[in-house]
Amino acid sequence: MGVAYVATNFEELPLTAERPTAPRPGDLAAGLADERVDHRFKALPPDADGLTVGALAAERRNLFTGGFTTPVLALSAESVEHNLALLETYAERHGLAFAPHGKTSMSPQLFADQLKRGAWGITAAVPHQARVYRAYGIGRIFLANELVDAVALRWLAAEMTADPEFRFICYVDSVRGVELMEAALSAAGATRPVDVVVELGAGEGARTGARTEADCTAVADAVAAAGSLRLVGVAGYEGEVPEADPERVGAWLRRLVALAAAFDGEKRFAGADGIVISAGGSAWFDAVAEVFADVPELSLPVLKLLRSGAYVSHDDGHYKHLTPFNRVPEEGALEPAFRLWAQVVSRPTGEQAFLNAGKRDAAYDLDLPEAQVVRSGRDGSVRPATGITVTGLSDQHAWVRTEEGAELEVGDWVGMGLSHPCTSFDKWQLIPLVEADGTVADYIRTFF
């Protein structure tokens, strides 16, 4: 078995010790409540124009009777809270640190909630995301990509100089990438090295990452020769394992752990304060927890870093089927938090209807929206969407097939579940956070 601690800032911390305060948490959403409501934000009440977001939230309007227009995307306050708590306790139970991928929501408010729930930091994929994180005070960023953009590296060097407490880690997966990073950081006058982890590819035909252990070693050699970089670990994404199943994913994760152990045996982490081993999307974090539980004792504290992001809202399609909690139901269950409400605007035949929400409003890259409930346009009563199926999306319309006897008329509201959180958040800049009775408690700002 591995060492009986998780490194947080690479200091030894027993698992029984009090959790450290998240770095620079402050009020990560500071200033968002002062933003003015206007035409930029879809579905918000027209009579709220000119109010601040905070003032509108304080009114606690009802989503259905408070002047909102359709289509409108709602995020369940109770489900979000449940999901945040579940992953916090899951990570604690399995001795994992957690840097949820922020690309899912790009919401500083949700980042703040994740940090309050014990997240080590927030994961990013591209420089723009990292800039948003820094604008809202995120003190630790794991960038799950090789960063070779000279302009972005110049920004990073300046950011690290301005804030000695800022912690940044990113992938490297090629000798050329290391050369580009070294050249840009040296030219920028970087005052401290950028921490990097060698990315092990998930296999032939997978996405990024050095394909073999020999390739990883060549990249690590290049890092050792670069004065502006510091090797601190290894990482990758098990979701790209070809024909993924528990055996193949587990085998790749064991390769990742073995690579870290080999590098440690060769003293490649001698300049680091600890060793990062990171993996974990939203489909296989149970396998990550199982394999990472057996990380051998290494020469330095180990940060076992999970990066799952879609959990915060979960969904009614792709991740509903893929979630590891289907395999380990005793550990709990995530709740889908999104519901897109649209209105029936046409009922041309007894078998067809059209809603006023389309590709501009709903995720559709993986699965079509799922009709779940109907709210009567006459009396506000709610009933199951029995016999009602979304069959396609145009830019601004949902195509609906209705079976014989299905109750649906022009003016009714249809509540739909969505598939794929990442392409649901990115279509809405300000999302009502709605309590079970329809009360809008807050508004979630996104930055895509």
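Of all residues in the range 145-196, those satisfying the criterion of being over 14 Å from ALA226 (Cα atoms) and of a type in the set (S, T, N, Q) are ASN145, THR161.
Looking at (1) buried (at least 18 other Cβ atoms within 10 Å of the Cβ); (2) at pLDDT below 95, can you tell me which one GLY205 breaks? Failing condition for GLY205: (1).
Among the residues making up the range 108-119, a single one is touching a strand residue (DSSP E or B) at 6+ places or on another chain (Cβ under 6 Å) and open to solvent by 10 Å² or more (accessible area, probe 1.4 Å): GLN109. Residues in the range 399-419 that are open to solvent by 10 Å² or more (accessible area, probe 1.4 Å), over 25 Å from ASN62 (Cβ atoms) and in a loop (DSSP other than H, G, I, E, B): GLU403, GLU404, GLY405, ALA406. Among the residues of the range 434-448, those that are surrounded by fewer than 21 Cβ atoms within 10 Å (Cβ to Cβ) and either more than 29 Å from THR391 (Cα to Cα) or of a type outside the set (Ser, Thr, Tyr) (or both) comprise GLU435, ALA436, ASP437, GLY438, THR439, ALA441, PHE447, PHE448. Exactly one residue out of ARG192, ARG230 is at pLDDT 95 or above and touching a Gly at 6+ places or on another chain (Cβ under 6 Å), and it is ARG230. Just one of the listed residues (ARG93, ARG140, ARG154) is within 20 Å of VAL197 (Cα to Cα), more than 16 Å from the chain's Cα centre (by Cα) and among the basic types (Lys, Arg), and it is ARG154. Scanning the range 383-398 for residues that are open to solvent by 30 Å² or more (accessible area, probe 1.4 Å) and not in a loop (DSSP other than H, G, I, E, B), we see that the one that is nearest to LYS359 (Cα to Cα) is THR391. With respect to GLY177, determine if the residue is farther than 22 Å from PRO301 by Cα, of a type outside the set (A, V, I, L, M, F, W, C) and assigned to a loop (DSSP other than H, G, I, E, B). In short, no.
Residues in the range 349-372 that are under 27 Å from the mean Cα position of the chain (by Cα) and either without any contact (Cβ under 8 Å) to a residue 60 or more places away in the chain or farther than 16 Å from ASP316 by Cβ (or both): GLY358, LYS359, ARG360, TYR364, ASP365, LEU366, ASP367, LEU368, PRO369, GLU370, ALA371, GLN372.
Every test in (1) on the phi < 0 side of the Ramachandran plot; (2) at pLDDT 95 or above is passed by HIS314 save one, and that test is (1). When we screen LEU51, LEU63, LEU56, LEU87 for residues that are modelled with pLDDT of 95 or more and under 22 Å from ALA124 (Cα atoms), the only hit is LEU87. For the range 232-259, a tally of residues being more than 25 Å from the chain's Cα centre (by Cα) and either in contact (Cβ under 8 Å) with a residue 60 or more places away in the chain or open to solvent by less than 30 Å² (accessible area, probe 1.4 Å) (or both) returns 1. Every condition in (1) open to solvent by 30 Å² or more (accessible area, probe 1.4 Å); (2) touching a residue at least 24 places away in the same chain (Cβ under 8 Å); (3) within 27 Å of GLY380 (Cα to Cα); (4) in a helix (DSSP H, G or I) is met by PHE64 except one, and the failing one is (4). Please go through the range 71-93 and pick out each residue that is farther than 17 Å from GLU435 by Cβ and open to solvent by 30 Å² or more (accessible area, probe 1.4 Å). Of everything in the range 71-93, those that are farther than 17 Å from GLU435 by Cβ and open to solvent by 30 Å² or more (accessible area, probe 1.4 Å) turn out to be GLU88, THR89, GLU92, ARG93.
The values are calculated or read from the model by the stated rules, or taken from the named source; none is laboratory data. Predicted model, so just to flag it, every value in this text is computed and none were measured. Cβ sites come from the backbone with ideal geometry, for glycine too, and all protein chains shown count toward neighbours. The accessibility values were calculated without ligands, DNA or RNA, using every heavy atom of the protein model including side chains. Shrake-Rupley method; radii C 1.70, N 1.55, O 1.52, S 1.80 Å.
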